[in-house]
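The values are calculated or read from the model by the stated rules, or taken from the named source; none is laboratory data. Because the structure is a prediction, the values reported are computed rather than measured. FYI the Cβ positions are ideal-geometry reconstructions off the backbone, even for glycines, and counts take in every protein chain you see. To get the accessible areas, we keep the full protein, side chains included, count just its heavy atoms, and leave off ligands, DNA and RNA. Shrake-Rupley method; radii C 1.70, N 1.55, O 1.52, S 1.80 Å.
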Amino acid sequence: MIQKKIRIGDILVEQGLITNDQLMLALKEQKDSNYSKKLGEIFIDEGYISERVFAEILAEQLDMEFVDLYGTEVDFNLMSRYSLKLLKTSLAIPFKEDDEFIHVAVVDPLDYEALELLERSIATKPIKLYVSLKNDINHIFERFELISTTKFIVDNIKKEISSNTYKADSEQSSVMQLIEQIVKSAIKSNASDIHIEPSGFNVSIRSRIDGVLRENFVFDKDIYNALSSRIKILGNLDISEKRRSQDGRFSMNINNHKYDFRLSTAPTMFGESIVLRILDQQKILLKLRDLGMDDHNIKVFEEILKSPYGIIFVTGPTGSGKTTTLYAALNEIKSIENKMITIEDPIEYQLPLAQQIQINEKIDYSFAQALRSILRQDPDIIMVGEVRDSETLNIAVQASLTGHLVFTTLHTNDAPSAITRMIQMDLEPYLIADSLVGVMAQRLVRKICPHCKKEHKPPKNMVEKVEKYLPKDYKFYKGEGCIRCGFSGYSGRTMISEILQISETISHLISINMNKYEIAKKAEENDGFEPMIVDGVKKAIQGMTTLDEVLRVAK
């Protein structure tokens, strides 16, 4: 193997990606570590440069190509011909073979000792090296091990299919065992959703853990039809219908505990994408103080909940925890003395002391129709799962003006935007001013794993974005990754939020149709309103989450 020396630090300085002072500091840190740390690692750890940019420049200097393994079909049969221990030691993935070369992706093409050992083990053909990212290579190792662990069950499914002994509705079939294994794995990881996604050459099973998808299993494409048919039978769906979306629901007992699953299918190019939402009845009845609101926001929100009538909005994108917040708020104010009615699509959890109504679009029973009819049920508190149209919004506002406390959700990016959205839905500003009590906007951010948390310096350009919210002395943290957090560096999620309480001043601004920026500015000046980013930065400085997590969901 031809060895080539390059001065990567000088190249980065020449290209203006780091300063000479940063290079000197990195060289000193490398010397202090007795050269146990590589210079590239130090640049990345100190936030001087991203891992991807560094890898692409390294590849260019060595006349190699950078390969994105996420967008490349990896030949796992090729990988199985070599020692996994050796591949992990070398951080190398043989991902493709042709007539001339075995193509190998590596993290460090300058680790000549490891690569020479690898080259000797792949003696059949010369190897062609590519530069890739460490996380991508570790992900491929995980996929390879996942394929190996489920090989026995998959082989049994194939045998059943080929021998015509497979029965789609059998409780003892191998495919049912596979479904149980998929579900158990997701529940053990505290996942909220399971995604079953066919591609051109395999089936990927991913779980959403702490709001982020992680791959759990990868199967051959030829078992997909058996897997999808069995899941559709569980959810009482039409297994012959593959051209349109379907929704269903089923229950399973896992480890002596009952779980409900909400099932959704959607037709894609390679087959139906299937998503299972895991619903655990014990998890929903949280207290407001368990949601992660800071002391300032929880005080404001509790004050809003004391309103005898009016409308309260919780806003945010899908998956931001709006339903959980609504349930926690209703759980806080529920009483034997009040009649509480909810209108939902679908009903995900059972709430004590509440009459819950399911929307059914098939029989034209919409939010607006349900809301119109329940006003004759003499409710005190009403929850409308989502305001989707101007008719529902108008009826909800009229209900709030006639002595009812109404809770509902909207899809907006921040709290002041809810006012703009209501005007866009043809609601008169004076009606908004009279009915609106408060708006809470929220997002969920992943919490740093407490077992591997360490101090961290984010990239300078990231810190500059939040500079005006930082105190004089501040520190940021991140999780290094350990066995307890699945090497992600994160464990669990918490909320970041902003709450706009409608004071007399804000009510006046709404009534004269002032824009959201003026409303937010006046709320900050007069009422102590804090934008969501402030809450996020506080939690990052406290070591609850990372700065890049905050900037991922808020601006």
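Applying the selection to the range 477-501, what residues are aliphatic (A, V, I, L, M) and open to solvent by less than 30 Å² (accessible area, probe 1.4 Å)?
Passing the criteria: Met495, Ile496, Ile499, Leu500.
Which condition number in (1) modelled with pLDDT under 85; (2) under 28 Å from Lys299 (Cβ atoms) is the one that Ala328 fails?
(1)
In the range 378-397, what residues are out of contact with any Lys or Arg (no Cβ under 7 Å at 6 or more places or on another chain) and either basic (Lys, Arg) or open to solvent by 30 Å² or more (accessible area, probe 1.4 Å) (or both)?
Glu386, Arg388, Asp389, Ser390, Glu391, Asn394
In the range 516-534, what residues are within 26 Å of Arg552 (Cα to Cα) and surrounded by fewer than 16 Cβ atoms within 10 Å (Cβ to Cβ)?
Those that are within 26 Å of Arg552 (Cα to Cα) and surrounded by fewer than 16 Cβ atoms within 10 Å (Cβ to Cβ): Tyr517, Glu518, Lys521, Glu524, Gly528.
Going by what's in this entry, would Ile311 be described as of a type in the set (Val, Ile, Thr), farther than 27 Å from Gln181 by Cβ and in contact with a Gly (Cβ under 7 Å, 6 or more places away or on another chain)?
Taking the combined requirement at face value, the residue does not satisfy it.
Looking only at the range 447-456, which residues are part of a strand (DSSP E or B) and open to solvent by 40 Å² or more (accessible area, probe 1.4 Å)?
Lys447, Lys453, Lys454, Glu455, His456
Need pairs with beta-carbon distance below 7 Å; first residue surrounded by 20 or more Cβ atoms within 10 Å (Cβ to Cβ) and within the range 306-331, second of a type in the set (Ser, Thr, Tyr) and assigned to a loop (DSSP other than H, G, I, E, B); sequence gap 6+ or separate chains.
Matching pairs, first to second residue: Thr315/Thr412; Tyr327/Tyr349.
Restricting to the range 23-77, name every residue that is open to solvent by less than 40 Å² (accessible area, probe 1.4 Å), farther than 22 Å from Ala105 by Cβ and touching a residue at least 12 places away in the same chain (Cβ under 8 Å).
Residues satisfying the conditions are Leu23, Ala26, Gln30, Ile42, Glu46, Gly47.
Out of the range 351-391, which residues are in contact (Cβ under 8 Å) with a residue 12 or more places away in the chain, assigned to a helix (DSSP H, G or I) and among the aliphatic types (A, V, I, L, M)?
Ala368, Ala370, Leu371, Ile374, Leu375
Go through the residues of the range 22-45 one by one and say whether even a single one is part of a loop (DSSP other than H, G, I, E, B), closer than 21 Å to Val463 by Cβ and at pLDDT 80 or above.
Within the range 22-45, none of the residues are part of a loop (DSSP other than H, G, I, E, B), closer than 21 Å to Val463 by Cβ and at pLDDT 80 or above.
Looking at the range 537-555, I want the residues that are under 22 Å from Ala415 (Cβ atoms) and have a partner that is among the acidic types (Asp, Glu) with Cβ atoms under 7 Å, at least 6 apart or on another chain. Which pairs are those?
Matching pairs, first to second residue: Lys538/Asp294.
Quick one: which residue in Tyr35, Tyr112, Tyr82 is within 30 Å of Asn202 (Cα to Cα) and not small (Gly, Ala, Ser)?
It is Tyr82.
Of the residues in the range 122-138, how many are within 13 Å of Lys96 (Cα to Cα) and touching a helix residue (DSSP H, G or I) at 6+ places or on another chain (Cβ under 7 Å)?
Counting residues in the range 122-138 that are within 13 Å of Lys96 (Cα to Cα) and touching a helix residue (DSSP H, G or I) at 6+ places or on another chain (Cβ under 7 Å) gives 1.
So which of Ile182, Ile140 ends up being under 30 Å from Gly40 (Cα atoms), assigned to a helix (DSSP H, G or I), within 24 Å of the chain's Cα centre (by Cα) and modelled with pLDDT of 85 or more?
That would be Ile140, the only listed residue that is under 30 Å from Gly40 (Cα atoms), assigned to a helix (DSSP H, G or I), within 24 Å of the chain's Cα centre (by Cα) and modelled with pLDDT of 85 or more.
Only residues that are open to solvent by 30 Å² or more (accessible area, probe 1.4 Å), in contact (Cβ under 8 Å) with a residue 40 or more places away in the chain and under 26 Å from the mean Cα position of the chain (by Cα): list them for the range 332-348, please.
Listed by number, the residues that qualify are Asp345, Pro346.
Exactly one of these conditions fails for Tyr430: (1) open to solvent by 70 Å² or more (accessible area, probe 1.4 Å); (2) farther than 28 Å from Ile496 by Cα; (3) free of Cβ contacts under 8 Å to residues at least 60 places away in the same chain. Give me its number.
(3)
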